[in-house]
Amino acid sequence: MTIENDVIKRISNARSIVFFTGAGISAESGIPTFRGKEGIWNKLRPEELANFDAFMRNPALVWEWYKHRMEIVHSAKPNAGHLAIAEMQNIFKEVTVITQNVDNLHRRAGSKTIYELHGNIERNYCVKCKKFYNEDFDLGGGAPKCSCGGLIRPDVVWFGEFLPEDQFAAGEKASRSCDLFFIVGTSGVVYPAASMITIAKNNGAYLIEINIEPTEVSSLVNLSITGMSGEILPNLVKAIKDFRNMKD
Ligand code: OAD
């Protein structure tokens, strides 16, 4: 990867950085993305699996799918891309991660300020009394039930649902005030999450996209870096450290 020196200089001099991430950053951890050739939504129908009415109609089916996804997430490990973003905290004062991913891998990699726009698959709650559960319930057969008798559901955002207000508001604030905004491994087509990109742009941030291919947002950014985030991001960390004469 060769990134022009003036870009490295611009990045190195940034004050406040946001990483807006999507499924692509976790692809190298073995978690499938949603769109593209091998994407989940190419094989399964979102309206049958990621939708509240579908859940109420057939909670066991939806749970079967989520148990499968939970198993994938549990056995996955943060990859070099997640770790490089966490490492940025040792270089810059303000590093914020805004993610559409529900896999918890940024946290497991050591990132501290994370806003999860689409929830977290390792958290669950009762649809009736709203009590929260981690995974401290019987995941055996069918759909798990709360002590109040209500159905327990994963704490993820389904189609047609609102995003968690506090996470969205905090993400919006960080996007508005940052001077450097990375868009990593997302197709950028799902709203309102993707509005973070235009918020950052309209407030003057320098936008850098890291993706294996061009996306809907490529025409908006200042710089597109083509490649896998697990390779690009560690190289970027090294280049910034070299520029700042920091030790690895
Ligand atoms: P997508 O599946 O739409 O996009 C993944 C992006 O990652 C694509 O642009 C790929 O080119 C890119 N990509 C794949 N592997 C990569 C790699 N190793 N390095 C860099 N880029 C890579 O996933 P999202 O944009 O996250 O929402 O999808 C947004 C939302 O749509 C998800 O949060 C989910 C889904 O429906 C909900 O479930 C509410």
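Laboratory data are not the source of any read-out in this text; all were calculated from the coordinates shown. Since we're looking at a predicted model, the values are computed, not measured. Glycine also receives a Cβ, built like all others from the backbone with ideal geometry; neighbour counts cover every protein chain displayed.
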Two pseudo-spin positions, 7 Å from Cα along C-beta at T113 and at R176, lie apart in nanometres by 1.5 nm
On the Cα set of the chain, report Rg and Dmax in Å, please. 18.8, 61
Ranking H74, H82, H106 by Cβ neighbours within 10 Å, fewest first, what do you get? H74, H106, H82
Using only the alpha-carbon atoms, how far is helix 165-177 inclined from the longest principal axis of the chain? Give it as 0 to 90 degrees, nearest 10. 10 degrees
Given a Förster distance of 41 Å, the FRET efficiency implied by the Cβ-Cβ spacing of V189 and N245, rounded to the nearest 0.05, works out to 0.50
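Rounded, prolate or oblate: pick one for the stretch 177-248, where a ≥ b ≥ c are the square roots of the eigenvalues of its C-alpha gyration tensor, a/c under 1.5 means rounded, and failing that, prolate if a/b is larger than b/c, else oblate.
Working: a/c = 2.58, a/b = 1.53, b/c = 1.68.
In terms of gyration-tensor shape, oblate.
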Applied in sequence order to the stretch 13-22, the curve 6.51 cos²θ - 1.76 cosθ + 1.60 (Karplus, θ = phi - 60°) yields integer Hz couplings, x standing for Gly and Pro, of 8, 5, 9, 9, 10, 10, 10, 9, 10, x
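Placing unit charges on C-beta atoms (Lys and Arg positive, Asp and Glu negative, everything else neutral), compute the dipole magnitude of the chain about its Cα centre in debye, rounded to 20.
Taking the Cα centre of the chain as origin, the dipole is about 420 debye.
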Once amide H atoms are placed 1.01 Å from N in the peptide plane, what residues at a sequence separation of 5 or more from F34, or on another chain, have their amide H within under 5 Å of its amide H? I40
Apply the Karplus parameterisation 6.51 cos²θ - 1.76 cosθ + 1.60, with θ equal to phi minus 60°, to every residue of the stretch 134-139 and state each ³J(HN,Hα) to the nearest whole Hz, in sequence, with x for glycine and proline. 7, 10, 8, 8, 6, 9
Measure nothing but the geometry: give the 0 to 90° angle between the long axis through the Cα atoms of 229-243 and the longest principal axis through the Cα atoms of the chain, rounded to 10°. 30 degrees
Subtracting the Cα-Cα distance of E71 and R45 from 0.36 nm times their residue separation yields 7.4 nm
Once you have a ≥ b ≥ c as the square roots of the Cα gyration tensor eigenvalues for the stretch 160-204, tell me rounded if a/c is under 1.5, and otherwise prolate or oblate according to whether a/b is larger than b/c. oblate
The stretch 3-118: Rg to Rh, with Rh as the Kirkwood radius over Cα pairs: 1.07
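Any chance you could run the full-extension gain for L61 through I91? It's 0.36 nm times the residue separation minus the Cα-Cα distance, nm to one decimal. Write down the numbers at each step before the final one.
Numbers: separation 30, 0.36 × 30 = 10.80 nm, distance 4.53 nm.
Computed gain between L61 and I91 is 6.3 nm.
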How large is ³J(HN,Hα), in whole Hz, for each residue of the stretch 100-113 in order, when computed from phi with the Karplus curve 6.51 cos²θ - 1.76 cosθ + 1.60 and θ = phi - 60°, using x for Gly and Pro? 8, 7, 10, 8, 6, 6, 5, 5, 5, 7, x, 5, 9, 9
Computed label-point distance, nm, for sites D53 and D166 using a 7 Å Cα→Cβ extension: 3.1 nm
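In percent, how large is the relative contact order of the chain, given Cα pairs closer than 8 Å and 6 or more residues apart?
On the way: 431 pairs, mean separation 59.3, N = 248.
Worked out over the chain, it gives 24 percent.
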Listing I114, I85 by rising number of other beta-carbon atoms within 10 angstrom, fewest first, gives I114, I85
